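A short worksheet on the structure shown next.
The values are calculated or read from the model by the stated rules, or taken from the named source; none is laboratory data. Because the structure is a prediction, the values reported are computed rather than measured. With ideal geometry, Cβ positions are generated from the backbone for all residues, glycine too; neighbour counts draw on all protein chains shown.
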Amino acid sequence: MKILSSFNIFIVLLLVIPETVSLLTSGLGFGYIEKEDDSRETCEVIDITMEFGDAHVFLENLQKKCAARGRINKTSAPIKTRKGRAVILAVGGVVAGATALTIVVFDHLRNEERFNSIKKQEEIHKNITQLINNKSHLTQDLMMEMEGQINNNTYEHVVNTIFGTGDIEVVTSFFKVNLSEILHNMGFDDRMGLDAAQKLSHKLVCGHTSRHYQLQICGTENPTRRFGEVKLVAPPGNYGNKGTMYSYYKVPKFVVFTDGGPVSAISCQPFGNYYNCIESKGNCGYNTYKRCPVKRVHTPNSVYATELGDATVVASAVD
């Protein structure tokens, strides 16, 4: 076996006829394998009560993001809610007969106050956004502590930031939901961490008041799910007819080395740094490759090549 290049890898096998090529594997990473027909949907529903008042502007914006009660599809339009309380701006009038100097000083103080208010709001906006993006469980606590200091636009931005990307980690962090525990309960290996959350969906459902919601987190559980190292498999075979014909077993392309032994997979899909594999059916597999169908290819130059991940496996027959 010889590696000719680190970028375009060629694994060369020099075979003396009729010696058989052994099974070769190339590692992909950690993942799981399961029987597709045994998967079933499971959901965890978390009841949420917000501490804001019923007519709070934050809840008005949150109502635009929640679905009607019950299980509806994700494309349904948000429900309509009543208008919130109008913001009344108290404007102080200038007393008749006031001097021009008094008016200039008042305008200056008012502009300075407005400038300081904008700068403060920008700082509040920045701090809350940073907490959301860092998936902190403290975001709600900060908002409650700063009640009365946050303006309507910032509340709207907060809601849009939480739900704008569809990131389930951001949503669960804001509502202080233990996502790791939910993943564990759904049968995902703790070694996958929160990457496994990519296999989940979520939906915020409106409750009976603007303060009450249900967060529905759904995924699949499967009693056949097993975890291990996922690898690509190169088919074993041998030469015949003086090296002009190569025969090989059509072994499933993937194998997962679980605690119970290797299990062949018909497909493996990456998610995050891990893989989700579907177990192959029938008697053809990694451990039973001689039961797999045989394919024969013409090799006039006594060379057969096949891809194995980033590598190319070349089998060559020599006298």
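Brief remarks on what is shown
- Of the residues making up the range 205-223, those that are surrounded by 18 or more Cβ atoms within 10 Å (Cβ to Cβ) and within 27 Å of A68 (Cβ to Cβ) number 7.
- Residue pairs meeting the criteria (Cβ under 8 Å; at least 6 apart or on separate chains; first in contact (Cβ under 8 Å) with a residue 12 or more places away in the chain and farther than 13 Å from H56 by Cβ, in the range 139-163; second of a type in the set (F, W, Y) and surrounded by 19 or more Cβ atoms within 10 Å (Cβ to Cβ)): T139/F174; I162/F174
- Some residue of the range 284-292 being in contact with a Leu (Cβ under 9 Å, 6 or more places away or on another chain) and outside the structural domain of M192 (by the TED database): yes
- In the range 168-187, the residues that are in contact (Cβ under 8 Å) with a residue 12 or more places away in the chain and either within 22 Å of R225 (Cα to Cα) or in a loop (DSSP other than H, G, I, E, B) (or both): F175, K176, V177, L179, S180, I182, L183, N185, M186, G187
- Residue count for the range 1-40, restricted to those that are assigned to a strand (DSSP E or B), at pLDDT below 90 and surrounded by fewer than 17 Cβ atoms within 10 Å (Cβ to Cβ): 7
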